[in-house]
């Protein structure tokens, strides 16, 4: 007679809500202004500002790795949450610029902060990675697999920037943002999440070299294959379309309207993209939290850094509905609505 498998001990437990109980962020000390960039490449402060809204960006030191920035942001999030690193069950790092292909950057962070009890892995979803990681964290917490998950978005994009290409080098900067997720009975926390991808557009925002498909050799090193390649107009078009659709789906799933949202935190890539989304959602731009003028596009770190800044400056308050929406290479996109 065929034996029936035992039911999981988690199956009898009620599903839990998931809240962000602490945030943190970190940016390098070095500031690279538009004026300084104009001395490196054929551009100007006016050209950059009018096309992107970016005024300056942070550049990590040569010996400052993605894991270093991630660890500093993580410690600040843990401090705010009043949680020890040893209490972290799962540590997720979303990044497109890992310290190395393996081991995972999350393992380096684990060592640096002392999260000795955590399982660790990296998430590769480019600029959408932080919200992908938030959704993964939610699944582990609601299923009672883990109680405390540390989610980090961190990128050192200046390490893969082609500083002779004015169309891309003006956009990117370095930084890290982190959040601690736990069940909190006093709030709904994460209300709804939508994530998606479309591999048909892998060729409009990518780094062609450095992987198994195209290793960097002395014969191809001069081609800058291990740097960001982007088709700007197509990225703009797809970003607006995907982020708008993702935002609407998250709202529908939550049973909310855009009028219910107190703050929108978008991916900090380009002010024109944010303005286009605001226009199409028919929501005042004042509802959007924007800090890309100071940091540029920091990929997976961008929305996490903005969330921390919005939290610490009082821009979002207890009970507010917050919509985060992001877009990245892959293509990838994601949206999350949180009751703060």
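Condition first: in contact with a strand residue (DSSP E or B) (Cβ under 7 Å, 6 or more places away or on another chain), assigned to a helix (DSSP H, G or I) and within 29 Å of residue 167 (Cβ to Cβ). Now tell me which residues in the range 37-72 satisfy that. 66, 69, 70 - these are the residues of the range 37-72 that are in contact with a strand residue (DSSP E or B) (Cβ under 7 Å, 6 or more places away or on another chain), assigned to a helix (DSSP H, G or I) and within 29 Å of residue 167 (Cβ to Cβ).
Exactly one residue out of 304, 226, 221 is surrounded by fewer than 16 Cβ atoms within 10 Å (Cβ to Cβ), more than 16 Å from residue 52 (Cα to Cα) and either outside the structural domain of residue 126 (by TED's automatic domain parsing) or over 20 Å from the mean Cα position of the chain (by Cα) (or both): that is 221.
Every condition in (1) at positive phi; (2) part of a helix (DSSP H, G or I) is met by residue 109 except one, and the failing one is (1). Scanning the range 181-222 for residues that are modelled with pLDDT under 95 and in a helix (DSSP H, G or I) turns up 221, 222.
Within the span defined as the range 105-116, one or more residues are in contact (Cβ under 8 Å) with a residue 24 or more places away in the chain, over 27 Å from residue 29 (Cβ atoms) and outside the structural domain of residue 297 (by TED's automatic domain parsing).
Close contacts from the range 70-83, counting a first residue that is outside the structural domain of residue 308 (by TED's automatic domain parsing) and in contact (Cβ under 8 Å) with a residue 40 or more places away in the chain and a second that is part of a helix (DSSP H, G or I) and crowded, with 20+ Cβ neighbours inside 10 Å, with Cβ to Cβ under 7 Å and a gap of 6+ residues or different chains, come to 70/105; 70/109; 71/109; 71/113; 74/109; 74/113; 75/113; 78/85. Please count how many residues of the range 272-287 are touching a helix residue (DSSP H, G or I) at 6+ places or on another chain (Cβ under 6 Å) and outside any loop (DSSP other than H, G, I, E, B). Within the range 272-287, residues that are touching a helix residue (DSSP H, G or I) at 6+ places or on another chain (Cβ under 6 Å) and outside any loop (DSSP other than H, G, I, E, B) number 7. Residue under question is residue 136, and the condition is that it be outside any helix (DSSP H, G or I) and within 20 Å of residue 20 (Cβ to Cβ); does it hold? No; evaluated as a whole, the condition is false for this residue. Looking only at the range 84-98, decide whether some residue is assigned to a helix (DSSP H, G or I), in contact with a strand residue (DSSP E or B) (Cβ under 9 Å, 6 or more places away or on another chain) and crowded, with 20+ Cβ neighbours inside 10 Å. Looking through the range 84-98, at least one residue is assigned to a helix (DSSP H, G or I), in contact with a strand residue (DSSP E or B) (Cβ under 9 Å, 6 or more places away or on another chain) and crowded, with 20+ Cβ neighbours inside 10 Å.
The values are calculated or read from the model by the stated rules, or taken from the named source; none is laboratory data. Values in this document were obtained by computation on a predicted structure and should not be read as measured data. So basically every Cβ, Gly included, is an ideal-geometry build from the backbone, and we count neighbours across all protein chains shown.
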